[in-house]
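Working notes, structure below.
The values are calculated or read from the model by the stated rules, or taken from the named source; none is laboratory data. These figures come from a predicted structure and were not determined experimentally. Note that each Cβ is placed from the backbone with ideal geometry, even for glycine, and that neighbours are counted across all protein chains shown.
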Amino acid sequence: MTFENQKRKQSSFSLLATQFYLIFLCLLNRVNAIGLSNDTAAGCLPSINVLATKYPGFNIEFYHYNFLSYNDTIDEGMPDFNTYQSDAYVAGGYADQGSFGSTSGVTNLTYSYFPSGDLYAIHYGNLPSNYDYDETFTLTNFTYVATGYFVPPSSGTYTFYLKYIDDLGVLSIGANSAFKCCLADSSGTDGTYQIRSIWTSEGPSGTNQIAIDMTEGVYYPIRVLHTNRQALGAVVMRQVEPLLLTHHGLAHIPPLLVLPYIPLPEVTI
């Protein structure tokens, strides 16, 4: 990809909402998916005492993702096009540039950011209210790690989609892949994941759809790593439950979305 191609980012896309049930415990381009993987995931069975501490949503830690250089006089710099794509970065290297904030109980990871002006400028802004994070920061260049548990309401094969990402999205599901049971605060992992997709000017790359056999009532650790390297940024995810049509009808579900019936609280990604 040429340097000029790297400067061009997609400026429009449709965002689709989804719903599924996430629970925290302990310390806790306009395209469809292009890759599909089938897998299994290890889960956790917490004690009754731990269950008493549960609350819905993701814990999110925010990290800097710095430009390689920046000229304050002309308000333009050189983004880092490479570091976020490395295995070392995904496995925990994102923490090397330092964290700057956190939030918890986030039940909606969907966001889109369209800065005006130079694509090689750093812009400050705020995430939407669903993130429950009011601080202004560099939305053009940052990373976050979201951790929680997915609890299937019934046994079967669940399909997770990374519907849209700009620039990096990594989804890890299962104990030891996302994180060890009850150790969601650990920053480093062994680097394993089921979904990893990177924005390109030609469309998404990598695997961004995964089908996993899951057991009802088991707590499956889940981790989402997202990086926006420069300019436009976005995350859209969704999940499909097996045997959906047996559940309570579909009247409340928007067109084109196949979503599970889940008890309150409901969670949108």
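Structure notes:
- LEU68 fulfils the conditions (1) modelled with pLDDT of 70 or more; (2) surrounded by 12 or more Cβ atoms within 10 Å (Cβ to Cβ); (3) among the hydrophobic types (A, V, I, L, M, F, W, C); (4) over 25 Å from GLN209 (Cα atoms) except for a single criterion, (2).
- Scanning segment 92-115 for residues that are under 15 Å from THR143 (Cα atoms), assigned to a loop (DSSP other than H, G, I, E, B) and touching a His at 6+ places or on another chain (Cβ under 7 Å) turns up just one, GLY98.
- Any strands (runs of 3 or more DSSP E) falling wholly within segment 153-222 and containing at least 1 residues that are of a type in the set (Gly, Ala, Ser), at pLDDT 85 or above and under 15 Å from the mean Cα position of the chain (by Cα): 168-173, 195-200
- Any hit, segment 235-254, residues being surrounded by 20 or more Cβ atoms within 10 Å (Cβ to Cβ), touching a His at 6+ places or on another chain (Cβ under 8 Å), closer than 26 Å to SER104 by Cβ and modelled with pLDDT of 85 or more: yes
- The residues of segment 124-152 that are modelled with pLDDT of 90 or more and aliphatic (A, V, I, L, M), listed by number, are LEU127, LEU139, VAL145, ALA146.
- Within segment 63-91, the only residue that satisfies the criterion of being farther than 25 Å from PHE179 by Cβ, hydroxyl-bearing (Ser, Thr, Tyr) and either under 18 Å from the mean Cα position of the chain (by Cα) or outside any strand (DSSP E or B) (or both) is THR73.
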